[in-house]
Each structure stands twice: as C-alpha cells, then as structure tokens.
Amino acid sequence: MDGTLLTALALIPALVIAIVFHEVAHGWTALALGDPTAKERKRLSFNPIRHVDPIGTLLLPGMLALSGLPVFGWAKPVPVIKQRLRNPRFGMMAVAAAGPGMNFALALIGAVALGLLARGGVQPEGLTGFAIASLYSFILINIFLALFNLLPIPPFDGSHVVEGLLPPRAAQVYDKLRPFGFPLLFLLLLVIPYFFPGLGIVERVVLPPVRWAEAWYLGLASLIAGG
C-alpha cells in the first residue's frame, strides 16, 4: 500500500479521536459542574461531525500543511456558559483543563497498548508494524494537542487556566485580551516564524515539552513491553 495512504490511515483516526474526546471532555466537565449547555445543544456526542469546524479543522490545517508552515487548527468549541457553573471561576479552569487532561489520558492508554503490543519482541512489519506506527502517532498527536492547547493565548485552554489563577483584578485585564487572541495567534505562529524563522514559537516553546513527554510515554511503553 502507498506510504502516503498508510500515513493518512495512521494519522487521521488518531487526530479525530484526540479532537473529539478533547471537546467532549470539556462538555462533560461543564455538565458535572452545573452547566448543561453542551448537553442541551447535543454536543456531548462522539460523532466527529458535531465537532468539526470547516475552516479550523479542515481548510486551515490543509493549507498550512501544503504551504510548509506550522500546522494548527481548532474544532468547533463546546459551548460553556460561565454564569451557569456553580463556581464560575474554578469551573472555567476545570472545564478548560479537562480537554488537555483527556489528551494526556488518551496518550497514556496509547502507551499501555503499545507496550502490550510490543511484548515478546514482535517484529515491526505487516499489520503489527502498522499498528505500532498508528499507536505512536496516537500518542504523539495527543501529547501535542494537550500541550499546544495549554499555551496561555486566547482562545486556547491555557488562557482560561491562567485567568483563573490570576487575582480578580488582573484576571479582568487579561480577559480583555480575548478579542485579540486570533490576531495574536496568527502573528506568533505564522507572521513571526515567516520573517524570523529562528523565533518559531512551536519549535522553541511547544516542541521541547512535547519531546520530554514523548520520551516519558515511550519509556512507559518500553517498561510494559519488558524492555
């Protein structure tokens, strides 16, 4: 089978699962903390179509990949109404953290599965090799999605966590940055790296912790495999 097709078969399901579970985790956490908005709007679903944003999930990542630029995107956000949460300040932090937390949990499941699959020193070829490659992609995608979303830039999840940790007055000032989140995002991820390649935020800020977490998860898989 063509290598590009195999790569797509390994990456696309992993990406869909990572994104869908990430969004559903936001919704379930909000529901548990008093806000049923996501449930009312039928967003507590594992149907990928309910979470796809045509521009952020499909068009933009595809264009960036074809252009050789850093690839990023977003799903359709699960609706959360802060005022409906029993404790709005803590609730928004918990709801925001639930998405990356789910991705870290999925990466853990992937590492355990990879370790079990590799027990006995199986040869990485054929269907087994494809399964190993798919699990590795699954782990890496979930790690990257979790850490990328923890960046303290609106509208990422990390911005809600930071806002909840700040003193109330500072949080109000920080919240005023939200309308500028997407322009700032494009500036940091596209404009600056284009004109100043050595200042890429992904390469310098996101990738180091991704590589550290990758080594940890793969070390766990190796331990389970008996290596």
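The values are calculated or read from the model by the stated rules, or taken from the named source; none is laboratory data. What you see is a predicted model, and the numbers here were worked out from it, not measured in a lab. As a convention, Cβ positions derive from the backbone with ideal geometry for all residues, glycine included, and neighbour counts pool all protein chains shown.
Could you tell me which of the residues G115, G91 is crowded, with 19+ Cβ neighbours inside 10 Å and closer than 23 Å to S222 by Cα?
G115
Matching residues to (1) under 13 Å from the mean Cα position of the chain (by Cα); (2) at pLDDT 95 or above:
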| position | (1), (2) |
| --- | --- |
| F90 | no, no |
| V95 | no, yes |
| F104 | yes, yes |
| A111 | no, yes |
| A118 | no, no |
| T128 | no, no |
| A131 | no, no |
| L135 | no, no |
| L151 | yes, no |
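What pairs can you find where one residue is in the stretch 158-179 and under 17 Å from N87 (Cα atoms), the other is loosely packed, with under 13 Cβ neighbours inside 10 Å, and their Cβ atoms are less than 8 Å apart, with a gap of 6+ or different chains?
Cβ pairs passing all conditions: G164/F90.
Read through the list (1) closer than 29 Å to A225 by Cα; (2) in contact with an Asp or Glu (Cβ under 8 Å, 6 or more places away or on another chain), then give the number of the only condition that L85 fails.
(1)
Considering each residue of the stretch 150-201, count those that are surrounded by fewer than 15 Cβ atoms within 10 Å (Cβ to Cβ) and among the acidic types (D, E), and give that number.
1
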